[in-house]
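Remarks on the structure that follows.
Rule-based calculations on the coordinates, nothing more; no lab input. Every value quoted in this text rests on a predicted model; they were computed, and no experiment measured them. Here Cβ is always computed from backbone atoms with ideal geometry, including for glycine, and neighbour counts include all displayed protein chains.
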Amino acid sequence: MLVRIVVSLALLAGVVLVLSRLFVWLYAKPRAYNTPESISPAPVAIVFGAGLNRDGSPTAVLRDRVATAVELYRAGKVKKLLMSGDNRFINYNEPASMRQYALDLGVPEQDIVLDYAGRRTYDTCYRAKTIFGIKQAILVTQNFHLPRALFTCNALGIRASGVVADRRAYQRRAYAIWVMRELPATFVALWDVLLRKPQPVLGQPEPIFPENEPLTNWQQDIP
């Protein structure tokens, strides 16, 4: 009897996770684009952290995210790049590493903004709106993560579309782990956005675009 209960609960949990992922994927599908050329402009590209190598350099996944954001910048699709990542420890600084890589790719320093408290997707989206005053953005991340990022940012009040940053063939085993990890992560995202509504690390507002800064035509369309 106990075994049946455990199995039933496990199956129910699996169904809930799959349905959560399916819902978020369907929500994100019309908002996701495969190339920077196909996406409409927005004021800011939000780049999500994705880990560092032992020497402090960006992982391949993170390099691809930064490189895709730089491509958006060069194409005139965005005006600023918001690099959001984890910096809880002195010797672990995702935003600084992302910034350096963007500088190496030719982005001017004044067009790179750093968020040192983007510890997870929810925190990045929450802080993008609350701290940096972002109303519209292009999200830059890999295909396995983009649906959750799009749902979270839109649910938290940012009008977001997204571009896929898969610029290479990743290791199959690693990619499979990332995809499986999205099942519980997506459920947690729904729980946080709809029910728990936690408050991440905050601080003083640092609007990326001051009120007196001239806006381009596409920025003027932002409500």
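General remarks:
- Under 5 Å between amide hydrogens, built in the peptide plane, is the criterion, and for Arg119 it picks out Thr124 among residues at least 5 positions away or on other chains.
- Of all aspartates and glutamates in the structure, the ones whose alpha carbon falls short of 18 Å from that of Lys29, not counting any fewer than 8 places away in one chain, are Glu37, Asp166, Glu182.
- For segment 103-149, a simple Cβ point-charge model (Lys and Arg +1, Asp and Glu -1, everything else neutral) yields a dipole of about 380 debye relative to the Cα centre.
- Using a simple spin-label model with pseudo-atoms 7 Å out from Cα toward Cβ, Asp104 and Glu206 lie 2.3 nm apart.
- Given charges at Cβ of Lys, Arg, Asp, Glu: the chain dipole, positive-most of Asn53, Pro30, Trp191: Trp191
- Choice from Val44, Val16, Val107 with maximal GNM fluctuation in the chain (Cα, 10 Å cutoff): Val16
- Electrostatic dipole magnitude of segment 24-207 [Cβ: Lys, Arg +1; Asp, Glu -1; Cα centre; debye, to 20]: 460 debye
- Applying the criteria of a DSSP loop state and at most 13 other Cβ atoms within 10 Å to the trypsin sites (Lys or Arg not before Pro) of segment 1-86 yields Arg54.
- In Å, descending, principal axis extents of the Cα set of segment 96-166: 33, 28, 20
- Kirkwood analysis of the Cα pair distances in segment 37-160 returns a hydrodynamic radius of 14.0 Å.
- Extension gain (nm, one decimal) between Lys129 and Leu26, 0.36 nm per residue minus Cα-Cα: 34.7 nm
- In nm, spacing of pseudo-spin labels at Arg54 and Val16 (7 Å Cα→C-beta vector): 4.0 nm
- Candidate membrane-span-like segments in the chain, meaning DSSP H helices with Cα atoms spread over at least 27 Å of their own axis and a Kyte-Doolittle mean of -1.0 or above, are 2-28, 172-191, with no membrane implied.
- Across all directions, the shadow cast by the convex hull of the chain built on its C-alpha atoms averages 14.1 square nanometres.
- Efficiency of FRET from Cβ geometry, Leu2 and Ala176, R₀ 25 Å, rounded to 0.05: 0.20
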